[in-house]
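Asks: Sending over a structure as structure tokens; questions will come in a sec.
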Amino acid sequence: PEPAVLAAAANVAKYSFGDLFRPTLLRSTITGMVLNVVALSALYGFIIWLPTFLMKQGLSLHSSLGHAALISGGALVGVVAGGWWSDRWSRKYSVAVASIAAAILGYLYAHAGSLETTTVLGGILIATLYFSSTMGFCAYVPELFPTELRLRGAGISSMAGRGASIVAPQVVALLVASNGVAGVTLTLVGLLVVQAIVIGLLGVETT
């Protein structure tokens, strides 16, 4: 390589694992962990309970599974939309706006007055959650970290999310027992609002 190239390479900042928890990169680490925790809590806590939620609307187990499958079809729409949109606008603000949209949909879902409305809102809610998750997991979180720490930063973020996904179903069970479906969806709404705030305040802009 040319001497100028070697000199430039020598001046590239080198990071250590500890930098993930120091002021230089701490905001990125917090953002990545929050995004993973909220997203996986929603996906593994809320979605796997959909048949139970629908049974509380008066459906039989067989019918609730059919409606849950229909609602879950929104996941495909969300993933495709996230992949298509990822290079068209700010990834930071796309995730933040999608979080607010999902929070609003979650509130409406909790107060839906009919099974038909519940099914439609549930499908749109799932699509929005998967849109946000696709943008976050596949595009935004890896870009929060410099090359030297990209795998470890994304790994720490994912570890936090996977830990939350283990606990989430048990938490949802407790919420259903104490506050019903509304308690679960309103908790989801709160988590999504927190995620939007954290990304808006701490998240860095990426290209």
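The values are calculated or read from the model by the stated rules, or taken from the named source; none is laboratory data. Remember, predicted model here, so these are calculated numbers, not experimental data. Methodologically, a virtual Cβ is constructed for each residue, glycine included, from the backbone with ideal geometry; neighbour enumeration extends over all protein chains shown. Just so you know, the surface numbers come from the protein's heavy atoms only, side chains and all, with ligands and any DNA or RNA stripped out. Shrake-Rupley method; radii C 1.70, N 1.55, O 1.52, S 1.80 Å.
Asks: Which residues, taken from the range 195-206, are in contact with a helix residue (DSSP H, G or I) (Cβ under 7 Å, 6 or more places away or on another chain) and open to solvent by 70 Å² or more (accessible area, probe 1.4 Å)?
Replies: Result: Glu205, single match.
Asks: Among the candidates Leu149, Leu125, Leu121, which residue alone is closer than 24 Å to Asp87 by Cβ, in a helix (DSSP H, G or I) and among the hydrophobic types (A, V, I, L, M, F, W, C)?
Replies: Answer to the selection: Leu149.
Asks: Report the residue count in the range 173-187 for those that are surrounded by 14 or more Cβ atoms within 10 Å (Cβ to Cβ) and either polar (S, T, N, Q) or touching a Ser or Thr at 6+ places or on another chain (Cβ under 8 Å) (or both).
Replies: Count: 4.
Asks: Going through Thr134, Thr187 one at a time, which residue ends up being of a type in the set (S, T, N, Q), at negative phi and in contact with a Gly (Cβ under 7 Å, 6 or more places away or on another chain)?
Replies: Result: Thr134 is the single residue among Thr134, Thr187 that is of a type in the set (S, T, N, Q), at negative phi and in contact with a Gly (Cβ under 7 Å, 6 or more places away or on another chain).
Asks: Same structure, new question: Would you mind stating whether Ile166 is open to solvent by less than 10 Å² (accessible area, probe 1.4 Å) and either among the hydroxyl-bearing types (Ser, Thr, Tyr) or part of a helix (DSSP H, G or I) (or both)?
Replies: Here the answer is no, as Ile166 does not meet what is asked.
Asks: Give all pairs with beta carbons closer than 6 Å in which a residue from the range 70-97 that is within 25 Å of Val198 (Cα to Cα) and surrounded by 19 or more Cβ atoms within 10 Å (Cβ to Cβ) meets a residue that is of a type in the set (D, E, K, R) and modelled with pLDDT of 85 or more; count only pairs at least 6 apart in sequence or on separate chains.
Replies: Close Cβ pairs satisfying both conditions: Lys92/Glu205.
Asks: Out of the range 17-30, which residues are of a type outside the set (A, V, I, L, M, F, W, C) and in contact with a Ser or Thr (Cβ under 8 Å, 6 or more places away or on another chain)?
Replies: Thr29
Asks: Can you find even one residue in the range 148-157 that is closer than 16 Å to Ser90 by Cβ and among the charged types (D, E, K, R)?
Replies: The answer is no; no qualifying residue exists.
Asks: Might you check whether a residue that is under 15 Å from the mean Cα position of the chain (by Cα), open to solvent by 20 Å² or more (accessible area, probe 1.4 Å) and over 11 Å from Gly32 (Cβ atoms) occurs anywhere in the range 132-149?
Replies: Yes, some residue in the range 132-149 is under 15 Å from the mean Cα position of the chain (by Cα), open to solvent by 20 Å² or more (accessible area, probe 1.4 Å) and over 11 Å from Gly32 (Cβ atoms).
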